[in-house]
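Below: the structure, in structure tokens.
The values are calculated or read from the model by the stated rules, or taken from the named source; none is laboratory data. None of these values were measured; they are calculated from a predicted model. Cβ placement follows ideal geometry from the backbone for every residue including glycine, while neighbour counts extend to all protein chains displayed.
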Amino acid sequence: MIELEGLTKRYGTKTAVDRLSFGVRPGVVTGFLGPNGAGKSTTMRMMLGLDRPTAGDVRIDGKHYDQLKDPLNHIGALLEAKSIHGGRTARNHLLCLAQSNGIPTRRVDEVLDLVGLGSVAKKRPSGFSLGMGQRLGIAAALLGDPRILMFDEPVNGLDPEGIHWIRNLMKHLASEGRTVFVSSHLMSEMALTAEHLVVIGRGRLLADTTMESFIEENSRTYVRLRAPEPERLRDVLVADGLAPTEGAEGAIEVEGAQAVRIGELAAEHRLVLHELSPQQASLEEAFMRLTAQTVEYHAHTALPGPGEPAAAPPPGQQQGWGPQQQKEGF
């Protein structure tokens, strides 16, 4: 289990992580979400002892990372897959890690086969594609057969087969009772993989809840209707205490009602329906709604024309990447 308590990191006047407290429990895949600049990478680096917190504490199974003997046997992490010595072969890269953590040599070949790199084990990673580099980074995380795993953007560069593979791998690891903590900007993948979500914005905790609850609490749920007699349908809905509104392309939208009840109402009044469909927001829509006020770097919707000045950013919005952000990458 990973436990954070009041975790804070400041760089001069910039607070990258602000009093974060949450736990990552075993047995489920926990997704870690936040806009660019939210502090996700900084948080993960502090978990692994790569950055020292300004305040607060983070523990891995009750210990600080630097207190773990042979840490790869306790926690495996993929933060930057390309952080590999270019002169070593893929196998020797993993062999070096294994020997430094007391891991049997046979495990090196096992994880290379597991991630699909057995045939290129004697090649240097400097010539690997982005996807192959990701697979090697995942192999390093799995090397010590740890009970805790952390992945930062694990599907970067993977083809559809690779994405399917890593998704199922993370679910399988969680089903074995392991702690799996994964950060990603791909909402569609997170929706298919994670069961629990931790969401941060500008370094602060915004949500720590299940996937289902997160979407339900941060989205608009309604029933979409189409009918050949829309005015009569609206009158029936209003008479039943509902508040229909105009939807896209002439559809009717009704909040606060079950599709079953609306269907029964239509049947009672002999109304023909061409569409009766419950609408639930996606994870992406719920995420955008929750984090709208914490996005630090906005792109402009349109480029200025010749001779036109660029639009001013919203009040308080930072422009570009300063030295601290470039250094940190949060």
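Worth pointing out:
- Some residue of the stretch 64-79 being within 30 Å of L290 (Cα to Cα), touching a Pro at 6+ places or on another chain (Cβ under 7 Å) and modelled with pLDDT of 95 or more: no
- Against the test of being part of a loop (DSSP other than H, G, I, E, B) and either at pLDDT below 95 or assigned by TED's automatic domain parsing to the domain that holds E80 (or both), the options L158, L149, L136, L192 yield a single qualifying residue, L158.
- Restricting the stretch 192-223 to residues that are small (G, A, S) and surrounded by 17 or more Cβ atoms within 10 Å (Cβ to Cβ) leaves a set whose member that is farthest from L4 (Cα to Cα) is S219.
- Inside the stretch 180-212, residues that are out of contact with any helix residue (DSSP H, G or I) (no Cβ under 7 Å at 6 or more places or on another chain) and more than 13 Å from G31 (Cβ to Cβ) make up a count of 4.
- The stretch 253-278, residues that are crowded, with 16+ Cβ neighbours inside 10 Å and either assigned to a helix (DSSP H, G or I) or within 29 Å of the chain's Cα centre (by Cα) (or both): A259, I262, L265, A266
- Test: residue in the stretch 195-204 that is without any contact (Cβ under 8 Å) to a residue 60 or more places away in the chain and either in contact with a Lys or Arg (Cβ under 7 Å, 6 or more places away or on another chain) or among the acidic types (D, E) (or both): no
- From the list G316, G250, the lone residue that is loosely packed, with under 13 Cβ neighbours inside 10 Å, at pLDDT below 55 and not polar (S, T, N, Q) is G316.
- Some residue of the stretch 150-163 being out of contact with any helix residue (DSSP H, G or I) (no Cβ under 9 Å at 6 or more places or on another chain) and surrounded by fewer than 18 Cβ atoms within 10 Å (Cβ to Cβ): yes
- Screening the candidates R91, R45, R59 for the property of being part of a strand (DSSP E or B), basic (K, R) and surrounded by 15 or more Cβ atoms within 10 Å (Cβ to Cβ) yields one hit, R59.
- Among the residues of this structure, V199 counts as one that is modelled with pLDDT of 90 or more and of a type outside the set (K, R).
- E189 being crowded, with 17+ Cβ neighbours inside 10 Å and within 18 Å of the chain's Cα centre (by Cα): yes
- Checking E255, E268, E229, E249 one by one, the residue that is out of contact with any strand residue (DSSP E or B) (no Cβ under 8 Å at 6 or more places or on another chain) and either touching a residue at least 40 places away in the same chain (Cβ under 8 Å) or within 20 Å of E216 (Cβ to Cβ) (or both) is E229 and no other.
- Yes/no for L97 being in the same structural domain as D152 (by TED's automatic domain parsing), part of a helix (DSSP H, G or I), out of contact with any His (no Cβ under 8 Å at 6 or more places or on another chain) and modelled with pLDDT of 90 or more: yes
- Filter pass, T245 being hydroxyl-bearing (S, T, Y) and buried (at least 17 other Cβ atoms within 10 Å of the Cβ): no
- Residue match in the stretch 288-310 (condition: at positive phi and modelled with pLDDT of 90 or more): no
- Test: residue in the stretch 9-21 that is more than 25 Å from the chain's Cα centre (by Cα), at pLDDT 90 or above and not in a strand (DSSP E or B): yes
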